Amino acid sequence: MEAWHGTTIIGVRKGGKVVVAGDGQVSLGQTVIKGTARKVRRLSPGGRDVVCGFAGSTADAFTLLERLETKLEAAPGQLLRACVELAKDWRTDKYLQKLEAMLIVTDGTELLVVTGAGDVLAPEHDVAAIGSGGNFALAAARGMMDSDRDAEEIARRAMAIAADICVYTNGNLTVETIG
């Protein structure tokens, strides 16, 4: 069975705003299955906005987003705590351990990467990126952080650079801003 590939998600914090952007490409082997997937979502548990971008299996990511929303409802306004609780469950629960995805999560204050290895990481330099083109987008964004560009411009330009380099990333973006 061929593996699903694709996705580049980036989170950029600058000037009091956090932008999460994701491409729309889903690939199976060498074939683009869909070019307009929406991999960045806005959650509103308890009336507070949280933006999540995901890379990996879509079904797995939706399972994780539902779990995160439950954790956020149990700990309103405590994104870091909710993410740590999700990561603990993800690492220890036999069902969740099989889920293959990564998340970038923000509430406008925190910017976090959550992984199935139990990691909850606050990135250095106010930029986080995941997925097949994540390293390209990360390098591009970091190179622009000292420029006059705002968070959205940096995220969009970094994603365009990643799409030019990574065959599993396209330029069809979903962009959410918070903060």
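Assigning unit charges at the beta carbon (Lys, Arg +1; Asp, Glu -1) and nothing else, what dipole magnitude in debye, to the nearest 20, does segment 4-174 show about its Cα centre?
260 debye
Take every Cα-Cα distance within segment 93-179, group them into 10 Å bins from 0 onward, and report for each bin the whole-number percent of pairs it holds.
16, 45, 31, 7, 1
Provide the gained length on full extension for the span T58 to I165, in nm with one decimal, where the gain is 0.36 nm per separating residue minus the Cα-Cα distance.
The span from T58 to I165 would gain 36.2 nm if fully extended.
Using a Förster distance of 30 Å, how high is the FRET efficiency between T109 and A139, based on the Cβ-Cβ distance and rounded to 0.05?
Result of the calculation: an efficiency of 0.75.
Between A74 and E153, how high is the FRET efficiency from 1/(1 + (r/R0)^6) when r is the Cβ-Cβ distance and R₀ = 35 Å? Nearest 0.05.
0.45
What is the distance, in nm, between label points placed 7 Å from the Cα along the Cα-to-Cβ direction at D93 and at A122?
It works out to 2.6 nm between the two label points.
With only alpha-carbon atoms in the gyration tensor, what are the semi-axes of the equivalent ellipsoid for the chain, in Å, largest first?
23, 21, 13
Okay, helix-only estimate at 222 nm for the chain: each DSSP H run of n ≥ 4 adds -39500 (n - 2.57), divide by all residues, round to 500 deg cm²/dmol; what do you get?
It comes out at -10500 deg cm²/dmol, rounded to the nearest 500.
Alpha carbon centre of segment 107-160 versus segment 27-89: separation in Å?
16 Å
Only the coordinates and a few stated rules stand behind these numbers; no lab work does. Because the structure is a prediction, the values reported are computed rather than measured. Quick reminder, even Gly has a Cβ in these numbers, built from the backbone with ideal geometry, and neighbours come from all protein chains shown.
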